[in-house]
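The values are calculated or read from the model by the stated rules, or taken from the named source; none is laboratory data. Bear in mind that the values here come from a model prediction, so they are computed numbers and not experimental data. Glycine also receives a Cβ, built like all others from the backbone with ideal geometry; neighbour counts cover every protein chain displayed. Please note that ligands, DNA and RNA were not included when accessible areas were found on the heavy atoms of the full protein model with its side chains. Shrake-Rupley method; radii C 1.70, N 1.55, O 1.52, S 1.80 Å.
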Amino acid sequence: MRLTDDLIATDIAAYLEKHENKSLLRFITCGSVDDGKSTLIGRLLYDSKMIFEDQLASLEADSKKVGTQGENIDFALLVDGLAAEREQGITIDVAYRFFATDKRKFIVADTPGHEQYTRNMATGASTADVAILMIDARKGILTQTRRHAFITTLLGIRRLVLAVNKMDLVGYDETVFNDIVDDFYTFADELATDLEVQPIPMSALAGINITSRSDETGWYEGPALMEYLENVPVGDRRRNAAFRMPVQWVNRPNLDFRGFSGQIASGTIRPGDKVKSMPSGKQSTIARIVTADGDLPEAIAGQSVTLTLADEIDASRGDALVAADDPAEVSDQFQVRILWMSEAPLLPGRRYLLKIGAKTVTATINAPKYGIDVNTLSDMPAKTLELNQIGVTTISIDQPIAFDPYDVNRNMGGFILIDRMSNDTVGLGLIDFALRRASNIHWQAMDVNRDALAEQKAQRPAVLWFTGLSGSGKSTIANALQKRLFALGKHTFNLDGDNVRHGLNRDLGFTDADRVENIRRVANVARLMSDAGLITLVSFISPFRSERQMARGLMADGEFIEIHVDTPLEVAETRDVKGLYKKARAGEIKNFTGISSPYEPPQNPELRIDTVDRSPEDAAEEILNYLRENGFLGA
Amino acid sequence: MPQLTHLDRLEAESLHIIREVAAECENPVMLYSVGKDSAVMLHLAMKAFYPSRPPFPLMHVDTTWKFREMIEFRDRKAAEMGMDLIVHINEDGMKEGVGPFSHGSAVHTDVMKTQSLKQALDKYKFTAAFGGARRDEEKSRAKERIFSFRSAEHRWDPKKQRPEPWNLYNTRINQGESIRVFPLSNWTELDIWQYIRREGIEIVPLYFAAERPVVNWNGVDIMVDDDRMPEELAKTAVMKSVRFRTLGCYPLTGAVESTAATLEEIIQEMLLTTTSERQGRVIDVDQSASMEKKKQEGYF
């Protein structure tokens, strides 16, 4: 089993010929330290000679000093950075480990099993072919086991090893093993219908059924763990699926060559095959499969290649080349499952970036339909998603994309969500199905268009977005400005936060999620008003940068004018026109901006108005000048 | 049916990563250290964009104490490949005459390598830098992501790593931040050697055993590469058949006694050997200088 082939010493060239053509298996181990996961990985590394003498010496020393195995080697110490990590307060994470046997190279995603590491486990599972679920024979199937099985199958793993460990502590009792396996099967049916489970009784510590079958479990007829890992098929699922390749890079060294580079997500491709470029749907034929080692007669899932087409069709990064006779679907609205990965909860209605394949689009995530309790696998009501929570929801994106459902194709149906302000990766998502086909989307084309409506009023539409703390003077300035515009014969409308909350947004409170929805609705109303050709004045605290950004994105270029009414908190609080600050300080109002809820000031507003030493009329005049200079008020 | 071998899959993953950086990052650079991992990384970059050239330059942070053979190899290789090569030297350190013999390995490495790298990245405003590090090299690397983010001060925060599910990489950065990208993350030392052999990649001859003048300095055999070695020390030189398992500054790179003069013999020696790769690298043994700490300070 160890990588000590006699050939290494006797005929290295022959050895290398033999070993250059190993296959690669990626697997994930799920379980906690107590289940013996670290011991198992340590042993796999040791048995495949991935440990050198200097490391072994320090391992032996550490084992005697801090190990839990008396004079024996404590394999767990090999992989456990855990103690040190806890001391340093570092989040325990996915670690990747490598070993090889004479048959295969292995990449192990090593993840901790507790609920707070769900996101790490999902990340490790996303690329794994096989999952090893560690179970303590003395404890049987626990809540934790269900969670591990659920997450790994959610991410598409269909081969599970049920590693019933610590069999030595139950006297290698066959009944104990069988009971655990039966237990598992009763709930495995709920996970996926095409699941292949391999239960193995073992003792990682004693090395039982790890590399070869042991006499202690004479009643067991299945493979030892390593036999299983060396022989389980890899990559065949993707291979037989329809051809898909996201275009990652358009390769244009000169005018005569135009290639589309990417990693083949699924299927097989040959010159002469008909393909379509999605979402455009334009069809062509593969001319060449270009690589630095010469053209290939065929390329398969997993390879990174460059394809040239027989026709000049327009495809760019983010499009997908797909089999013409079995193309991917195209849509801009989906039902999805999302695993939330950020400390800050999901804000339904807020716009996030969504990256799928080589494409990044803007997505609006609707309120979850329900959440999934990862421990009981039952549905539960959810208004938002917190860190490590999984939920089912719908999303809409700003342009149609080509996709396959995640369960059909991992690389065509899996996406990440990115927060537009922090740039953090905040979620992982799986597309279930499209809510409608993009071909059904038709905007009502209007004969009397927005330009005509604005022209009629001799003005350019604009949305003047006043943002600032409560009591900063937003409404007062907006009122003064509206009077001036009216006097000039301009067509305006004043959307005021307090007033809208009495009607359109009566159902919304002041939580972060409600604030986001509040602004989403108001921004859309403002958009309709500017379509009508009006100059719209919007006075809302709108404390979050990303919502103002969202509003800006809704409007035509140059029509959104952000005006920061920049009054310091102390000044606004002294004014306290409505007596709100006093109540907020007394704790009578929760989530009050500036006191118990943050205000994110604009970084590059079109205008910043200092209100401390000037009258509202003065401020209105400054805004009026801006509108005049930028051509909003007509000739 | 043809099957992808482990080397095929590693290569395809690396090509995907390299292309992704070129497609999404504004101003990338490939850090080229002239070692065997850099040689593989450069080879992969050439493959990723063929028949185009990689759309980024190479950069070597030259401490001025590299083996002379490395410098010759570097300049020849860049020219052969048609790649732009930026060589950066910390001029402040040069003026002060910083070197390993006079200042010790810790100061030398900090000034001529770590500080110098930061200088170079700031000077050219690179937003992404490829590095040839592998996860099997060291414990803290095993947990580092393929796309590893650095603050404006080039610090690594292990607590703020982005999840990397599937092959989807979030390459967005805030003002002043930059990314280190490790396309060889999932390769092991053995994979590297096997790939060098399969692809016929040329590497610096110092990896192969030959008779070379060496002296024993601080318990490690180092090679006499030029006359900057203190005379007292240089006088003790003896000829030995040695090779190098890693390449860096010649006074900080331990030679191993060996007769392995071909790739096959090197791999054979490696497979039969009993000590891990970094043992010959003086920088790692230096007191309390853990890789993790160095990285938090900005050492690649």
Heavy-atom accessible area of region A:195-263 with neighbours in place, 1.4 angstrom probe: carbon+sulfur share in percent works out to 45 percent
Can you give me the Cα centroid spacing of region A:557-635 and region A:334-360 in angstrom?
-> 31 Å
How do the peptides A:106-118, A:280-292 rank, highest first, by the average count of neighbouring beta carbon atoms within 10 Å per residue?
-> A:106-118, A:280-292
Along the charge dipole of chain A, which of A:Ile210, A:Tyr117, A:Gly391 sits closest to the positive end, that is, farthest toward it, with unit charges on the beta carbon of Lys, Arg, Asp and Glu (+1, +1, -1, -1)?
-> A:Gly391
Return the value, in Å² to the nearest 100, of accessible area buried between chains B and A (probe 1.4 Å, both sides summed).
-> 6500 Å²
Toy charge model, Lys and Arg Cβ at +1, Asp and Glu Cβ at -1: chain A dipole around Cα centroid in debye, rounded to 20, equals 2280 debye
Determine, at each q value in 0.20, 0.23, 0.26 (inverse angstroms), the log₁₀ of I(q)/I(0) that the Debye formula gives when each Cα of region B:203-283 is one equal point scatterer.
-> -0.87, -1.11, -1.35
For region A:453-477 and region A:501-547, write down the distance between their C-alpha centroids in whole Å.
-> 13 Å
Solvent-accessible area per residue for region B:203-283 at a 1.4 Å probe radius, Å²?
-> 42 Å²
Dipole magnitude of region A:238-323, debye to nearest 20 (Cβ charges: Lys/Arg +1, Asp/Glu -1, about Cα centre) | 300 debye
Report the Stokes-Einstein translational diffusion coefficient (µm² s⁻¹, integer) for chain A, Rh taken as the Kirkwood radius over Cα pairs, at 20 °C with viscosity 1.002 mPa s.
-> 74 µm²/s
Where a ≥ b ≥ c are root eigenvalues of the Cα gyration tensor, a/c under 1.5 meaning rounded, otherwise prolate if a/b exceeds b/c and oblate otherwise, chain B counts as oblate
Averaged over residues of B:153-166, the number of beta carbons from other chains lying within 10 Å of each residue's Cβ is 6
Are there trypsin sites (Lys or Arg not before Pro) in region B:195-233 that DSSP marks as loop and that have at most 16 other Cβ atoms within 10 Å, and which are they?
-> B:Arg228
Do the sum for chain A: with -39,500 (n - 2.57) for every DSSP H run of n ≥ 4, divided by all residues, what is the mean residue ellipticity at 222 nm, to the nearest 500 deg cm²/dmol?
-> -8500 deg cm²/dmol
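Using r as the Cβ-Cβ distance of A:Thr285 and B:Glu202, and R0 as 22 Å, what FRET efficiency do you calculate, to the nearest 0.05?
After rounding, the FRET efficiency stands at 0.05.
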Sum of side-chain charges, B:Ala260 neighbourhood, beta-carbon under 9 Å (Lys, Arg +1; Asp, Glu -1) = -2
Where in region A:540-576 does the amide nitrogen come within less than 20 Å of the point 7 Å from the Cα of A:Ser596, taken along Cα to Cβ?
-> A:541-544, A:569-570, A:572-574, A:576
Restrict the search to region B:50-158; then list the GluC sites (Glu not before Pro) that DSSP places in a loop and that have at most 16 other Cβ atoms within 10 Å of their Cβ.
-> B:Glu96, B:Glu153
Ratio of Rg to Rh for region A:329-436, alpha carbon only, Kirkwood?
-> 0.94
A:Asp189 neighbourhood, Cβ < 14 Å, K/R = +1, D/E = -1, net charge -3
Residues with beta-carbon under 11 Å from that of A:Glu17, excluding A:Glu17: net charge, scoring Lys, Arg +1 and Asp, Glu -1?
-> 0
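Over all directions, what mean area does the Cα convex hull of region A:450-629 project, stated in square nanometres? Spell out each step's value before the answer.
On the way: hull surface 39.7 nm².
So the mean shadow area of the Cα hull is 9.9 nm².
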Under a point spin-label approximation (7 Å from Cα along Cα-to-Cβ), what is the A:Asp102-A:His502 distance to one decimal in nm?
-> 8.6 nm
Efficiency of FRET between A:Leu488 and A:Gln603 - r from beta-carbon atoms, R0 25 angstrom, step 0.05 = 0.20
Which residues does a label at A:Arg450 reach in region A:548-583, if reach means a backbone N under 20 Å from a point 7 Å past the Cα toward the Cβ?
-> A:548-563
At 7 Å along the Cα-to-beta-carbon direction for both A:Arg552 and B:Val107, put a label point, then send me their distance in nm to one decimal.
-> 5.0 nm
Just name one of A:Ala363, A:Leu307, A:Leu346: the one whose Cα is farthest towards the positive end of the charge dipole of region A:249-400 (beta-carbon charges, Lys/Arg +1, Asp/Glu -1).
-> A:Leu346
So for region A:238-323, taking the charge dipole from beta-carbon charges (+1 Lys/Arg, -1 Asp/Glu), which of A:Asn251, A:Ala241, A:Ala320 sits furthest toward the positive end?
-> A:Ala241
Nearest-5 percent of antiparallel DSSP beta bridges in the protein assembly as shown?
-> 60 percent
What full-extension length gain, to one decimal in nm, is calculated for A:Ser396 and A:Glu174 as 0.36 nm per residue of separation minus the Cα-Cα distance?
-> 74.7 nm
Degrees, to the nearest 10: A:616-629 long Cα axis against longest axis of chain A | 80 degrees
Accessible area (Å², per residue) of region A:450-629, counting only protein heavy atoms and a probe of 1.4 Å | 47 Å²
Using a basic spin-label model with each label point 7 Å from the Cα along Cα→Cβ, how many nm lie between A:Lys383 and A:Asn240?
-> 4.8 nm
